[in-house]
Amino acid sequence: MFSLRLTVKINRLAPEGVNIFVKLEAQNPLQSVKDRLALGVIEDAERRGVLKPGQTIVEATSGNTGIALAMVCAAKGYPFVAVMIETFSIERRKIMKFLGAKVVLTPKELKGTGMVAKAKELAEQNGWFETKQFANPANPEYHRQTTGPEIVSAFVGQKLDYIVSGWGTGKLVFSKLQCPKYSLSITFNTGGTLTGVSAFVRTARPGVKIVVAEPSKAPLLAGGSFTGHAIQGWAPDFIPEVLNREAYDELLPVTDEDAIATSKLLAQKEGIFVGISSGATFSAALAVAKKAPKGSHILVILPDTAERYLSTPLFADITAESDEINKAPVPAAAAVVSTRQTQPHQLPFAKLFSGSKSQTQIQVEVPQPVFHPRLPIHESVLTLIGNTPVVKINHLAPEGINLFVKIESFNPLSSVKDRLALGVIEDAERRGVLKPGQTVVEATSGNTGIALAFVCAAKGYPFVAVMAESFSIERRKIMKFLGAKVVLTPKEEKASGMVVKAAQLAKEHGWFETKQFSNPANPEFHKQTTGPEILKDFAGKKLDYIVMGWGTGGTLSGVSSVVRLARPEVKIVASEPTKAPLLAGGEFTGHAIQGWAPNFIPETLDRNSYDNLIAVTDEEAIANSKLLAKKEGIFVGISSGATFAAGLKIAEKAKPGSSILIILPDTAERYLSTPLFADITADGDIL
């Protein structure tokens, strides 16, 4: 069985008369298409008996394959060594190390062939298993079994004319299922996507056109020479063995500049936050669209997230400095996406690795969201918000205790705050207090600002974020990448200072202030979505505790209100920093758990919403985030580590057989400049 991935219609950037759809591979657990490759090659090796328990795995990688393999190896208990060129992005190295991997760097002069040779050398010297992404037939085979059938299922009964993707290993596949007439356009990396998809398509539809894109600076398929290019993940300095040279009909070059510009356009006009290779692929699709007949349908495969490119040319012109606000930004010209189109309470199907199956809804008088019936195509990226997966903890749970985590980083912009942002914006639209093109402003530690920047980009509102200068640099850059302005306040003024500044700006300029700390639409959206999702996943199953942290209190209050009605036996556990025990009656002091506990108790927090209160230290939060990454392959931030630490404290005292659900708010990728990564360098490891 395969898992439907998330396909979204493009609403603003498609040329008139042409329909463009994107397949968002950033919705995989470690946010790239390479998660497929990693799982495919590892499980193939296990089935064939060539990979032994505990054996070290090694691979040459530009980053995403290494991150994916580090995640899969962590979950399965294999040590992993990544070999990569010294010029590839710093954040990718740090992420692999955070997941427990070792990283070996090769000189840039040796290019891709140099890192491949080094990986082979290490495997032979040490008896390690080399996954060989560029030559391993399990790479395209996994795409043949998953990616292709997903596309066919998404477009069954619908017109489809082109599919556009990139090449690195070349991974796109189609199945023999019946599908209307279409043409196909693909780019290449290893050749796995291209080769696998082409094999399926040409068998099923021999008349289909397959179009491949590659960097203009490395036109290897066109017979040219390799030169350095900025499209990481695309086109190494050789043509991989897994790439079938007969698999395509047409070839399109893409410049670095077009790739970067198009990635930014997707972020700022569609709210789709993807990397350089995705921008390159979409740029190729726009070239196809210009010459395509009216009424054509084009599907574009977008490989990964923009968050993985913070140290690359994609973010080169984006600073972390405070923006000057002299006057209100010019209102957006594009039409606002209507609430009828976005359907905020209709949630998508479960994502890859969710481990959760559809259950009969509990029949109680509580809000029940309307879930998408495995919706194949979304009319807006906003309908991807919610229905995040619940995953069982396999290695870190105490004996006799069942631990589960609800991973909110599966939301489009990787945090639980995507729910808050959509909830408060669409509530304001319904009430008529937010006008088309009006500027939105909010005080934020980062995740709410990122979520609002994303929602505002998708709907056409300018957005201004106000945040304390001590909060993480990458969060500021991400908001700016999505088109937001960022105003910084002195760290001495704490959270209350940024709230005051946001109110001041709203009053001065006539902006709409979302007021996350006092807006009842915040907990209400969790009451309508997060709580019912939990009830659905645990219908007919034992559930004893739900553990949450608090920042605005929206998740805690909203989930508690609905769960207590339906499952009164479930105990609600709130957790807060030991350095800011406000709910326990203590004083606020600075703490490292960003997103938790401002220096006041928000209006949106119901003081009667919890049964137990657990304090967590900064050190426990950081240590548990790292443990989740290295022992479970679950890549989450400091606040998630803190919540998990609280869950473990409950587990220590819980009765044998107890089931505990812990809500994990966001991704670790948002903490690269924080204490979470303080001891992780980008240097190569000495083995």
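The values are calculated or read from the model by the stated rules, or taken from the named source; none is laboratory data. Predicted, not measured: the structure shown is a model, and the values here were computed from it. Quick reminder, even Gly has a Cβ in these numbers, built from the backbone with ideal geometry, and neighbours come from all protein chains shown.
Residues in segment 456-474 that are surrounded by fewer than 24 Cβ atoms within 10 Å (Cβ to Cβ) and either modelled with pLDDT of 95 or more or more than 22 Å from residue 491 (Cα to Cα) (or both): 2 in all. The set of residues in segment 39-61 that are buried (at least 23 other Cβ atoms within 10 Å of the Cβ) and in contact with a Gly (Cβ under 9 Å, 6 or more places away or on another chain) comprises 40, 59, 60. Scanning segment 477-487 for residues that are under 17 Å from the mean Cα position of the chain (by Cα) and assigned to a helix (DSSP H, G or I) returns 477, 478, 479, 481.
Would you check if residue 623 is modelled with pLDDT of 95 or more, under 25 Å from the mean Cα position of the chain (by Cα), surrounded by fewer than 17 Cβ atoms within 10 Å (Cβ to Cβ) and among the hydrophobic types (A, V, I, L, M, F, W, C)? It is true that residue 623 is modelled with pLDDT of 95 or more, under 25 Å from the mean Cα position of the chain (by Cα), surrounded by fewer than 17 Cβ atoms within 10 Å (Cβ to Cβ) and among the hydrophobic types (A, V, I, L, M, F, W, C). When 504, 516 are screened for being assigned to a loop (DSSP other than H, G, I, E, B) and outside the structural domain of residue 616 (by TED's automatic domain parsing), only 516 passes. Taken over segment 73-104, residues that are part of a strand (DSSP E or B) and either at pLDDT 95 or above or among the polar types (S, T, N, Q) (or both) amount to 7. Is it the case that segment 233-243 has a residue that's touching a residue at least 12 places away in the same chain (Cβ under 8 Å), over 19 Å from residue 37 (Cβ atoms) and buried (at least 24 other Cβ atoms within 10 Å of the Cβ)? No - not one qualifying residue is present in segment 233-243.
Going by what's in this entry, would residue 399 be described as surrounded by fewer than 24 Cβ atoms within 10 Å (Cβ to Cβ), farther than 25 Å from residue 379 by Cβ and at pLDDT below 95? Against the criterion (surrounded by fewer than 24 Cβ atoms within 10 Å (Cβ to Cβ), farther than 25 Å from residue 379 by Cβ and at pLDDT below 95), residue 399 does not qualify.
Please name all residue pairs, on different chains or six or more residues apart, with Cβ atoms under 7 Å, provided the first residue is in segment 573-586 and is assigned by TED's automatic domain parsing to the domain that holds residue 652 and among the polar types (S, T, N, Q) and the second residue is surrounded by fewer than 20 Cβ atoms within 10 Å (Cβ to Cβ) and in a loop (DSSP other than H, G, I, E, B). Within 7 Å, the pairs are 578/617.
Yes/no matrix, rows are residues, columns are (1) modelled with pLDDT of 95 or more; (2) surrounded by fewer than 19 Cβ atoms within 10 Å (Cβ to Cβ):
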{"site": "246", "(1), (2)": "no, yes"}
{"site": "261", "(1), (2)": "yes, yes"}
{"site": "266", "(1), (2)": "yes, no"}
{"site": "272", "(1), (2)": "yes, no"}
{"site": "282", "(1), (2)": "yes, no"}
{"site": "294", "(1), (2)": "yes, yes"}
{"site": "303", "(1), (2)": "no, no"}
{"site": "309", "(1), (2)": "no, no"}
{"site": "322", "(1), (2)": "no, yes"}
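None of 26, 60, 45, 101 is touching an Asp or Glu at 6+ places or on another chain (Cβ under 6 Å) and either under 27 Å from residue 152 (Cα atoms) or in contact (Cβ under 8 Å) with a residue 24 or more places away in the chain (or both) except 26. If only residues of segment 536-553 that are surrounded by fewer than 24 Cβ atoms within 10 Å (Cβ to Cβ) and in contact with a strand residue (DSSP E or B) (Cβ under 6 Å, 6 or more places away or on another chain) are counted, the one that is nearest to residue 596 (Cα to Cα) is 545.
For segment 183-203, state whether one or more residues are among the charged types (D, E, K, R), within 29 Å of residue 109 (Cβ to Cβ), outside the structural domain of residue 86 (by TED's automatic domain parsing) and at pLDDT 70 or above. Looking for residues that are among the charged types (D, E, K, R), within 29 Å of residue 109 (Cβ to Cβ), outside the structural domain of residue 86 (by TED's automatic domain parsing) and at pLDDT 70 or above, one finds none in segment 183-203, hence no.
Is it the case that segment 423-441 has a residue that's closer than 30 Å to residue 153 by Cα and in contact with a Leu (Cβ under 7 Å, 6 or more places away or on another chain)? No, segment 423-441 contains no residue that is closer than 30 Å to residue 153 by Cα and in contact with a Leu (Cβ under 7 Å, 6 or more places away or on another chain).
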